[in-house]
Structure formats: C-alpha cells, structure tokens
Amino acid sequence: MARTSAPEPIDPIWITPPPKQRLDPIERWFIVVLRIIALVLLVRAIHGWLLIVGILEHPELGRLLVADPYVRFALFGILTVASIIACVGLWLLAPWGAVLWLVIVAADALIFFLLPNLGIVSIIIVLTNAGLVSIYLGMLLQVRRLSHEAPPLR
C-alpha cells in the first residue's frame, strides 16, 4: 500500500505573506483596515482607562472606581483590558487579535441589548462595531477568495 503524506494544515486567516512576496492591493488594504480597527480599539481602551482612573467623568457612569454596582465596573474593566489586548493582536496581524475583537463586539452587543440600564455601551459603539465588522468580513472574504485562486507558494 502506498503511503500518503498528511496534508499541510491551512492557516485560519492568512494575512502575513511569506518573505519577498508582493502583496495584492486588496491584501494591502486589508492590512490597513486591520490597523485602523486596532487604532479605534486603542482610542477606546485609553478612553476606558481615563474613565476608570477618574480623569474623565461620564454623565451616566459617574466615577467608575467609586460607582455602585460593581458589575458595571467589572464589565467595563474587562472590556477595556480586552480592547488593549485585541488592539495589539490586530496591529500584529495575528488571528487571535481578530477573534478577540469579534468577541468584544459580541459582548458589546449583548451588554447593550440585554443590560441597557448599565450604560456601559452606547448605540454609537454598537453601530461603529457593526460597520467595522461588515467591512472586515467583506475584505476577509475577498482576501480568502484571492488566496484560493492563486497557487500556493510553499
């Protein structure tokens, strides 16, 4: 019986090209979009930390460190820390950065629709997330289609 070699695993999201390969324009724009999303997350995280520390005050949240209930502070803190981690992952073009960002988007939507009285997530954040996710998914489909059309370089 002939022995067949096992197929090579496929990267879940192919973003980073092998060395010395020219990027297609859609791949270049995909990287730009990922970095813009990372900058949006960075701004959100910095704003969150300024609220947590008490430098900024939000009309609905007040000062988070002395706010009661602690659920609001815990959820806000978790989202802020996760935003910084996802920002780094997206900037480095790592697949886990995109996954963590999508988890944050889902958490934002759940908090907005299921716990609207907490006031942590506004409709502006939810709509911004929806727009960024639609752009991300559209470009991801284009990049995946492009990578399947081209012969593998391995």
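The values are calculated or read from the model by the stated rules, or taken from the named source; none is laboratory data. The structure displayed is predicted, hence computed values, not measured ones. Heads up, the Cβs are rebuilt from the backbone with ideal geometry, glycines too, and the neighbour counts pull from every protein chain shown.
Restricted to the stretch 89-129, and to residues that are of a type in the set (Gly, Ala, Ser), over 16 Å from residue 39 (Cα atoms) and within 16 Å of the chain's Cα centre (by Cα), which residue is surrounded by the fewest Cβ atoms within 10 Å (Cβ to Cβ)?
Residues of the stretch 89-129 that are of a type in the set (Gly, Ala, Ser), as a first pass: 89, 94, 97-98, 106-107, 109, 119, 122.
Narrowing further to those that are over 16 Å from residue 39 (Cα atoms): 106-107, 109, 119, 122.
With within 16 Å of the chain's Cα centre (by Cα) added as a condition, the list becomes 106-107, 109.
Values: 106: 12, 107: 16, 109: 16.
The qualifying residue surrounded by the fewest Cβ atoms within 10 Å (Cβ to Cβ) is 106.
Look at residue 32 and say whether it is loosely packed, with under 15 Cβ neighbours inside 10 Å and either over 18 Å from residue 129 (Cβ atoms) or modelled with pLDDT of 85 or more (or both). I'd like the intermediate steps shown before the answer.
Working: loosely packed, with under 15 Cβ neighbours inside 10 Å: yes; either over 18 Å from residue 129 (Cβ atoms) or modelled with pLDDT of 85 or more (or both): yes.
Considered against the rule, which asks whether it is loosely packed, with under 15 Cβ neighbours inside 10 Å and either over 18 Å from residue 129 (Cβ atoms) or modelled with pLDDT of 85 or more (or both), residue 32 comes out as yes.
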Within the stretch 107-120, is even one residue at pLDDT 95 or above and under 13 Å from residue 44 (Cα atoms)? no
Residue count for the stretch 95-124, restricted to those that are free of Cβ contacts under 8 Å to residues at least 24 places away in the same chain and in a helix (DSSP H, G or I): 14
